[in-house]
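Chemist: Let me begin by handing over the structure; questions about it come next.
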Amino acid sequence: MKVPLLDLTAQYKTIKDEVIAAIMPVMETQMLILGGTVEKFEAAMSELTGVKGSIAVSSGTDAIVLAGMALGLGHEDDVIVPSFTFFATAGCIARLGVRPVFADIDPKTYCLDADSVAKLIARDYVVKSDDGPPIHRKTGRKLRAIMPVHLYGQCADMDPLLQICEIYRLHMIEDAAQAIDAHYQGKPAGSMGIVGCYSFYPTKNLGAFGDAGHIVSTDPALTDLMRKMRVHGGHQRYYHDVVGMNARMDAIQAAVLTVKIKHLKKWIHARQELAARYASLFEKHGLLKTITPPATGAGRDHTYHQYVIRAPKRDALRDFLKAADVGCEIYYPMPLHLQKCFANLGYKEGDLPETEKATREVLALPIYPELSSEQQAYVVEKMAEFYRK
Ligand SMILES: Cc1ncc(COP(=O)(O)O)c(C=O)c1O
């Protein structure tokens, strides 16, 4: 049996006719960028997130860059981010000249840990004036924002993080790239800060047929600025109020996403059922003494963008599963604070113990709505065989 980590073709087969019917008018009218098709999708995202400010963009990366630009983040600024995430989280702000400041994760949910953030601010920053930002004791840089990542499909513990933002007057930027329609105390991922960024990279729970992304914002002025900056900084062609970029969404992607968003809740539900079935299969095979299945934090739901376990002898297990035609992947093998491109920031091994431990232990197993129970049983049988050896 072959079990891929993800099978996009299987999903496409279930919506092929709907997708073709949706993209046909785009091709016929040749209204290929922004326009009515994109506006329709923006309305659908507003409805899903409950946030009025809704801007369709070219990728999750561009969503974060655009948000950072519109918030005026730059060369004198620091932003706190997790190190255990996809590179774009820190890469996008670093591109603006911002210094990413890495905090550790909660070992249960793998998301940014509020205690680690609070300790970091208390240790490294000083508040010099009542209405000013925290200033870094050594570099003099200003701390301007916190950007948690809702990793693998579940929200970070937002209340204490929002509280820190309130105390220090920091922007809350949510990297919700992996967590569309996940919730924290009933609130959708991306809707709790001043700006939420999403990715529709094809492997995401809501995936486009190429690159695409989205921004929502609860701040009308910021929304207007980001909307302008999406198209080189002006609402009127050839007149530019500010310097922006090209971060427009293609109409074909919006047409595909408008079809897919209607299926999203059903697909998330299927992922949740698969996660529950993994848990019972692990129990049946006595694997719960050995591996740690994903945990869902209090007040949250998990949308299982990835189904990630902690596993002893992780690399050997990965090789064994791959040899048995079971797709699996390590997200992420190298923490961001130890990446070569951030060597100038001066981090060293041991700085973020939970992050570094996770990079050595995590393994993502196949999960997608069309995964069959036979395939799932095969994955767990192979895992049990590995640990019996
Ligand atoms: C946590 C996180 N942030 C940002 C991004 C960037 O999104 P994109 O690949 O659409 O540029 C991704 C996606 O892959 C991601 O997983």
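The values are calculated or read from the model by the stated rules, or taken from the named source; none is laboratory data. Only a predicted model underlies this, so the values are computations on that prediction, with no experimental measurement involved. Note that each Cβ is placed from the backbone with ideal geometry, even for glycine, and that neighbours are counted across all protein chains shown. We work out accessible area using only protein heavy atoms, side chains counted, and drop any ligands, DNA or RNA first. Shrake-Rupley method; radii C 1.70, N 1.55, O 1.52, S 1.80 Å.
Chemist: Out of the total accessible area of the stretch 283-389 (probe 1.4 Å, heavy atoms of protein only), what percent is carbon and sulfur?
Modeler: Percent of accessible area from carbon and sulfur atoms in the stretch 283-389: 49.
Chemist: Could you give the semi-axes, largest first, of the ellipsoid that matches the stretch 43-134, computed as the square roots of 5 times the alpha carbon gyration tensor eigenvalues and rounded to whole Å?
Modeler: 25, 18, 15
Chemist: Anything over 28 Å Cα to Cα? Flag those among Lys52/Lys265; Lys322/Lys389; Lys108/Lys284; Lys204/Lys348; Lys262/Lys322; Lys119/Lys265, in the order listed.
Modeler: Among Lys52/Lys265; Lys322/Lys389; Lys108/Lys284; Lys204/Lys348; Lys262/Lys322; Lys119/Lys265, the Cα-Cα distance tops 28 Å for Lys204/Lys348; Lys262/Lys322; Lys119/Lys265.
Chemist: Report, in cubic angstrom per residue, the convex hull volume of the C-alpha atoms of the stretch 264-388.
Modeler: Value for the stretch 264-388: 143 Å³ per residue.
Chemist: Can you figure out the FRET efficiency of Lys52 with Asp159, using R₀ = 25 Å and their beta-carbon distance, to the nearest 0.05?
Modeler: The calculated FRET efficiency here is 0.60.
Chemist: When the gyration tensor of the stretch 19-95 is built from Cα positions, what are the square roots of 5 times its three eigenvalues, in whole Å, from largest to smallest?
Modeler: Ellipsoid half-lengths, sorted descending, are 31, 14, 13 Å.
Chemist: For the stretch 163-227, what is the accessible area per residue in Å² when the probe is 1.4 Å? If you can, show how the numbers build up before the last one.
Modeler: Numbers: 2160 Å² over 65 residues.
Dividing the accessible area of the stretch 163-227 by its residue count gives 33 Å².
Chemist: Now, a different point. Return the percentage of antiparallel bridges among DSSP beta bridges fully within the stretch 8-261, rounded to the nearest 5 %.
Modeler: Values: 20 of 35 bridges.
The answer is about 55 percent antiparallel.
Chemist: Under 15 Å from the Cβ of Glu370, count the other residues' Cβ atoms, weight Lys and Arg +1, Asp and Glu -1, and hand me the total.
Modeler: Net of charged neighbours comes to +4.
Chemist: For the stretch 264-388, what is the accessible area per residue in Å², given a 1.4 Å probe and the full set of protein chains?
Modeler: With the other protein chains kept in place, the stretch 264-388 gives 46 Å² per residue.
Chemist: Tell me the trypsin sites (Lys or Arg not before Pro) within the stretch 117-177 that lie in a loop according to DSSP and have at most 14 other beta-carbon atoms within 10 Å.
Modeler: Lys128, Arg137, Lys138, Arg169
Chemist: Next up: Would you work out what percent of the accessible area of the stretch 8-261, with all protein chains in place, is carbon or sulfur (probe 1.4 Å)?
Modeler: Values: 5590 of 10360 Å².
Carbon-and-sulfur percentage of accessible area, whole number: 54.
Chemist: Would you mind calculating the gained length between Val126 and Ala10 on full extension (0.36 nm times residue separation, minus the Cα-Cα distance), in nm to one decimal?
Modeler: Residue separation times 0.36 nm, minus the Cα-Cα distance, leaves 36.4 nm.
Chemist: Alpha carbons only, please: Rg and Dmax for the chain, in angstrom.
Modeler: Rg then Dmax for the chain, in Å: 21.3, 68.
Chemist: Let me ask something else about it. Residues in the stretch 342-383, backbone N under 11 Å from the label point at Lys313 (7 Å along the Cα-to-beta-carbon vector): list them, ranges by number please.
Modeler: In the stretch 342-383, the label zone of Lys313 (backbone N under 11 Å from the point 7 Å along Cα→Cβ) covers no residue.
Chemist: Length gain on complete extension for the stretch Asn344 to Ser372, per 0.36 nm per residue less the alpha carbon to alpha carbon distance?
Modeler: Taking Asn344 through Ser372 to full extension adds about 5.4 nm, to one decimal.
Chemist: For the chain, what are the DSSP H helices with axial Cα length of 20 Å or more and mean Kyte-Doolittle hydropathy of at least -0.5?
Modeler: Qualifying helices: 8-29, 35-49.
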